[in-house]
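Chemist: Okay, handing you the structure first.
The values are calculated or read from the model by the stated rules, or taken from the named source; none is laboratory data. It should be emphasised that the depicted structure is a prediction, and the values quoted were computed from it without experimental measurement. Ideal geometry is used to build each Cβ from the backbone, glycine not excepted, and the neighbour counts take in all protein chains shown. To get the accessible areas, we keep the full protein, side chains included, count just its heavy atoms, and leave off ligands, DNA and RNA. Shrake-Rupley method; radii C 1.70, N 1.55, O 1.52, S 1.80 Å.
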Amino acid sequence: MEENILTVEHLRKEYEGNVILDDVNLSVKRGEVVVIIGPSGCGKSTLLRCINALENIQSGTIRLQDEVIEAGAKNLAKIREKIGMVFQNYELFPHLTVIENILLAPVKVQKREKKEVREEAVKLLERVGLKDKAESYPRQLSGGQKQRVAIVRALCMNPEILLFDEVTAALDPEMVREVLDVMLELARQKRTMVIVTHEMQFAQAVADRVLFIDEGKIMEQGTPEELLQHPKTERTKQFLNIFHYEK
Amino acid sequence: MPDLGLEVLLKGSNIMRLLAGLWVALRISLISVAGSIPIGIILGTLMTGRNIVLKAILKIYLEFIRIMPQLVLLFIVFFGSTRMFGWQPTGEVSAVIVFTLWGAAEMSDLVRGALISIPLHQYESSEALGLSKTQTYWYIIIPQTLRRLIPLSINLITRMIKTTSLILMIGVVEIMKVAQQIIEANRRSSPTAAFGVYLVVFLLYFLACWPISLLAKYLERKWR
């Protein structure tokens, strides 16, 4: 079970002359949950977007198993089928119902049998408590419900790896929990995930490994206990202190 | 009840003539809309493109058409084209030309607006699911653009129908002109007919535009 699903080597990303990511190295094993934390603008979301080739990169390589992920590559769509991505603002398709949102890619891209995917989709919706919303439109759902649908949409492609880009950042506090619970459940099922989040307690609970990124570099990484409870670098301590309140 | 002079409408075939006039107005609007939509879609798509010169030209065209009163445009085409090119279009042809130019300009702006209103994230989340560029446009972008566009272009039809009331100035016998003729012809027998006849004209315009406007509203709500 030591197989690397995702390998990032010497990744460098610049945007309009600014270095966003600098020599980032990361490997994710099958079944591993990696949580990335760091201040806003540190490049953590950009890293996720690079993994899905939504951003082009200046140097380095990103591989999903043996296949190189590159913006503009011919087999890009094929690789992206194996990478499930969930965005901060859900990004459901507003003109399609929940079930249509979920079925679109498996049926049109993977050419799977509609009936079979529908059964799977309904099962997944039931698991996240949204079975009765299958025929609703996204505008009829709350933020937390939309985000759970977005997760089901990504799951239905049977991806090798799931990327979560600050998926609770746009939610009202009382809806954060319902989304995080779904992600905890996925971690228990041994799904491979890379999660960018600001929820430190959630990171503690879900992560096998936590990465702290600042100014485009991985500053520190380790188990949740190591990094979140006993950070080594000054910068990590400073960052984690933001989440502490003392009177 | 004051005397509205409505009895003039019952004389001869007056009511049928009014309806025929309304049909002229509707026909010109519908032909113009049918022409405006494809031209507007092409121009609007070009307006979201990268060619700056082309965008500037289209922008000038749009502003020019918007600033010019429609009546001036009608006069330029109807009277001007004879002097300039020795070509004498009929009033109805002139009207269709002007309304198509106008409609295409307005339509291009609607298309441009609808296209740029689709957030970048819609493209990204579609591509992240493995959809190709073509599939992204076909399943995600075009359906959303059309839903924003159709109610707006239906509203454009009602604006055109209303504006056809100007074309009597270039000699087209449409509903306003027929109304005038009826009133003039009966000035002695029913001197108060103007109010009643124009009231009927108002109702006919209303009956033509209201269902269209309702349809636009319905589609807007349905596709919100």
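Chemist: With the crude spin-label approximation of a point 7 Å out along Cα→Cβ, what separation in nm comes out for B:Gln88 versus A:Arg127?
Modeler: Going by the 7 Å Cα→Cβ label model, 8.0 nm.
Chemist: On average, how many beta carbons from a partner chain sit within 10 Å of the beta carbon of a residue in B:119-128?
Modeler: On the way: counts 2, 2, 6, 5, 2, 6, 13, 4, 7, 16.
Shielding by partners across B:119-128 averages 6.
Chemist: Here's something else I'd like to know. By average Cβ neighbour count within 10 Å, what is the ranking of A:205-215, A:69-79 from highest down?
Modeler: A:205-215, A:69-79
Chemist: Once you've got the GNM for chain A with C-alpha springs shorter than 10 Å, pick whichever of A:Lys111, A:Lys29, A:Lys217 has the biggest mean-square fluctuation.
Modeler: A:Lys111
Chemist: Binning at 5 Å from 0, report for chain A what percent of all alpha-carbon pair distances ends up in each bin.
Modeler: 1, 6, 13, 17, 19, 17, 13, 8, 4, 1, 0, 0
Chemist: If you don't mind, another one. Give the angle, between 0 and 90 degrees and rounded to the nearest 10, that separates the Cα long axis of helix A:114-127 from the longest principal axis of the Cα atoms of chain A.
Modeler: 60
Chemist: Next question, about the same structure. Under the √(5λ) rule applied to the eigenvalues of the Cα gyration tensor, what semi-axes describe the equivalent ellipsoid of chain B? Give them in Å, descending.
Modeler: Each semi-axis is the square root of five times an eigenvalue, giving 42, 23, 11 Å.
Chemist: Please compute the per residue accessible area over chain B with all protein chains in place, 1.4 Å probe, rounded to a whole number of Å².
Modeler: Heavy-atom accessible area per residue stands at 54 Å².
Chemist: Moving to a separate point now. Given the protein chains as shown and a 1.4 Å probe, how many square angstrom of A:Arg153 are accessible, to the nearest 10?
Modeler: About 10 Å², rounded to the nearest 10.
Chemist: Determine which lysines satisfy two conditions relative to B:Lys177: a Cα distance under 25 Å, and not lying fewer than 8 residues away in the same chain.
Modeler: Within the straight-line cut-off, B:Lys177 pairs with B:Lys11, B:Lys162.
Chemist: Right, next: Based only on Cα atoms, what mean projected area does the convex hull of the protein assembly as shown have, in nm²?
Modeler: 34.1
Chemist: What does the convex hull of the Cα atoms come to per residue for region A:147-247, in Å³?
Modeler: 123
Chemist: For A:Asn75 and A:Glu119 in one chain, what is 0.36 nm times their gap in residues minus the Cα-Cα distance, to one decimal in nm?
Modeler: This chain segment gains 13.0 nm when fully extended.
Chemist: Which one, B:Phe202, B:Phe75, B:Phe99, has the greatest fluctuation when you compute a Gaussian network model over chain B with C-alpha springs under 10 angstrom?
Modeler: Maximum fluctuation in the GNM of chain B, among the listed residues, is at B:Phe202.
Chemist: Find the sum over both chains of the accessible area lost when A and B are paired, probe 1.4 Å, and report it in Å² to the nearest 100. Display every interim value, and only then the final one.
Modeler: Details: alone 12560 and 13040 Å², together 23720 Å².
Answer for the A-B pair: about 1900 Å² buried.
Chemist: Rounded to the nearest 0.05, what FRET efficiency do A:Val68 and B:Gln180 give with R0 = 60 Å and r taken as the Cβ-Cβ distance? Could you check?
Modeler: The value I calculate is 0.20.
Chemist: If one takes the longest principal axis of the Cα atoms in chain B, at what angle in degrees, from 0 to 90 and to the nearest 10, does the Cα axis of helix B:91-116 lie?
Modeler: 30
Chemist: Let me ask you something else. Over the protein assembly as shown, what percent of the accessible surface lies on carbon and sulfur atoms, probe 1.4 Å?
Modeler: 59
Chemist: Right, something else. Report, ordered by chain and residue number, the lysines lying within cross-link reach of A:Lys190, taken as a straight Cα distance under 20 Å and ignoring same-chain residues fewer than 8 apart.
Modeler: Partners found: A:Lys29, A:Lys82, A:Lys123.
Chemist: A further question on this structure: GNM, chain B, Cα, under 10 Å: largest mean-square fluctuation among B:Ile161, B:Ile52, B:Ile76?
Modeler: Its mean-square fluctuation being the largest, the pick is B:Ile52.
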